[in-house]
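Here's the structure we're looking at; comments come further down.
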Amino acid sequence: MDTLERARMDIDEIDKKMAALFEARMDTAREIAAYKRRVGMEIFDPSREKTVLEKGMKRLENPEYSEYYLEFMKAVMDISKEYQNDLIKGGKI
């Protein structure tokens with residue numbers, strides 16, 4: 001097995017884990033949306049988002065990835081906010 005094939009197999013395994021983690025994150029986002037709807041909170045909380053990004057940056061072991069990790073996490077949070085908005089506006093929670 002060559003290096004490229006091995007690396008692609010590794011990516012496939014990582015993607016499998018990321019899919020499961022994504023689903024878990026979205027399940028939790030649903031719970032958060034229900035709470036926010038119940039207490040009348042806004043979906044977007046800038047201070048919470050800043051905290052999440054800062055904590056994530058501290059977890060990162062390779063600083064070379066910092067810029068890309070921030071972009072990745074912002075995209076994940078944007079998707080979560082969109083999902084929460086869809087749930088609330090669509091009356092699904």
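Please verify whether region 23-32 includes one or more residues that are farther than 14 Å from Leu87 by Cα, at pLDDT 95 or above and either small (Gly, Ala, Ser) or loosely packed, with under 11 Cβ neighbours inside 10 Å (or both). Working first, answer last.
First pass over region 23-32, keeping only residues farther than 14 Å from Leu87 by Cα: 23-25.
After this cut, where a residue has to be at pLDDT 95 or above as well, the list is 23-25.
Next, from what is left, pick out any that are either small (Gly, Ala, Ser) or loosely packed, with under 11 Cβ neighbours inside 10 Å (or both): 23-24.
Checked region 23-32: at least one residue is farther than 14 Å from Leu87 by Cα, at pLDDT 95 or above and either small (Gly, Ala, Ser) or loosely packed, with under 11 Cβ neighbours inside 10 Å (or both).
For Ser66, indicate whether it is surrounded by fewer than 10 Cβ atoms within 10 Å (Cβ to Cβ) and part of a helix (DSSP H, G or I).
Numbers: surrounded by fewer than 10 Cβ atoms within 10 Å (Cβ to Cβ): no; part of a helix (DSSP H, G or I): yes.
Here the answer is no, as Ser66 does not meet what is asked.
Quick one: how many residues across region 23-52 are under 15 Å from Lys74 (Cα atoms), in contact (Cβ under 8 Å) with a residue 24 or more places away in the chain and in a helix (DSSP H, G or I)? Explain how you work it out, then say what you get.
Quick first cut of region 23-52, residues under 15 Å from Lys74 (Cα atoms) only: 25-26, 29, 43-52.
Within this subset, residues satisfying the condition of being in contact (Cβ under 8 Å) with a residue 24 or more places away in the chain are 25-26, 29, 43-44, 49, 52.
Subsequent filtering for residues that are in a helix (DSSP H, G or I) retains 25-26, 29, 49, 52.
Final tally of qualifying residues: 5.
If we keep just the residues of region 34-89 that are farther than 22 Å from Ala19 by Cβ and of a type in the set (Phe, Trp, Tyr), which is nearest to the chain's Cα centre (by Cα)?
Only one residue fits best here, namely Phe44.
Between Lys74, Lys81, which is more than 17 Å from Ile93 (Cβ to Cβ), in a helix (DSSP H, G or I) and modelled with pLDDT of 95 or more? Step through it out loud before you land on a result.
On the way: Lys81 fails: more than 17 Å from Ile93 (Cβ to Cβ).
Of Lys74, Lys81, the one residue that is more than 17 Å from Ile93 (Cβ to Cβ), in a helix (DSSP H, G or I) and modelled with pLDDT of 95 or more is Lys74.
The values are calculated or read from the model by the stated rules, or taken from the named source; none is laboratory data. The model shown is predicted, which means the values in this text are computed figures rather than measured ones. Counting neighbours? That spans all protein chains shown, and the Cβs are built from the backbone with ideal geometry, glycine included.
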